[in-house]
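See below for the structure under consideration.
The values are calculated or read from the model by the stated rules, or taken from the named source; none is laboratory data. Computed from a predicted model, the values in this text were never measured in an experiment. Cβ coordinates were reconstructed from backbone atoms using ideal geometry, including for glycine residues, and neighbour counts include every protein chain displayed.
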């Protein structure tokens, strides 16, 4: 496989129409859910089983859950307790990905033309950006597009 295209999206501040239109328009073949908690009532239309159904029915997009690309509860707790100190969170999460060796665990085929999903509306302070950039640094042939 030569080039890998990874998309990212967050569902916050998007209604269902905006969210699904962005995915359908981009030609995504798979959503890779990288949220630690994907079954909360706060997830609205992106609650795990509802999302699986909506993606298939509306856009013919496959749904995959990959918690190995999510932060740990401990990392999130430290982030909240340090008043959202992004550099500390970022370093902790990058170290976690390195410890997990996600570049060896996650298939390039699964991620190619797939979209990493989390909740944050903006990728700047979101772990989905960190995952995509980490993999680009490991695999070299990764192109990233954030759907905002």
| request: Please verify whether region 16-25 includes one or more residues that are in contact with a strand residue (DSSP E or B) (Cβ under 6 Å, 6 or more places away or on another chain) and either crowded, with 16+ Cβ neighbours inside 10 Å or on the phi < 0 side of the Ramachandran plot (or both). | output: yes
| remark: By residue number, the members of region 43-61 that are without any contact (Cβ under 8 Å) to a residue 12 or more places away in the chain and either surrounded by 18 or more Cβ atoms within 10 Å (Cβ to Cβ) or part of a helix (DSSP H, G or I) (or both) are 49, 50, 52, 53, 56, 57
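Table: residues versus (1) at pLDDT below 90; (2) within 23 Å of residue 102 (Cβ to Cβ).
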site: 5; (1), (2): no, yes
site: 9; (1), (2): no, yes
site: 12; (1), (2): no, no
site: 15; (1), (2): no, no
site: 19; (1), (2): no, no
site: 24; (1), (2): no, no
site: 30; (1), (2): no, yes
site: 47; (1), (2): yes, no
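Here's the yes/no breakdown for (1) farther than 20 Å from residue 38 by Cα; (2) touching a residue at least 60 places away in the same chain (Cβ under 8 Å); (3) in a helix (DSSP H, G or I):
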| residue | (1), (2), (3) |
| --- | --- |
| 63 | no, no, no |
| 68 | no, no, yes |
| 71 | no, no, no |
| 74 | no, no, yes |
| 77 | no, no, yes |
| 87 | yes, no, yes |
| 98 | yes, no, yes |
| 103 | yes, no, yes |
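So is residue 116 part of a helix (DSSP H, G or I) and either surrounded by fewer than 16 Cβ atoms within 10 Å (Cβ to Cβ) or modelled with pLDDT of 95 or more (or both) or not?
No.
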| query | If you go through region 131-148, how many residues are free of Cβ contacts under 8 Å to residues at least 24 places away in the same chain and more than 21 Å from residue 26 (Cα to Cα)? | reply | 2
| query | So which residues in region 1-41 are in a helix (DSSP H, G or I) and either within 22 Å of residue 111 (Cα to Cα) or in contact (Cβ under 8 Å) with a residue 24 or more places away in the chain (or both), if there are any at all? | reply | 16, 19, 20, 21, 22, 23, 24, 25, 26
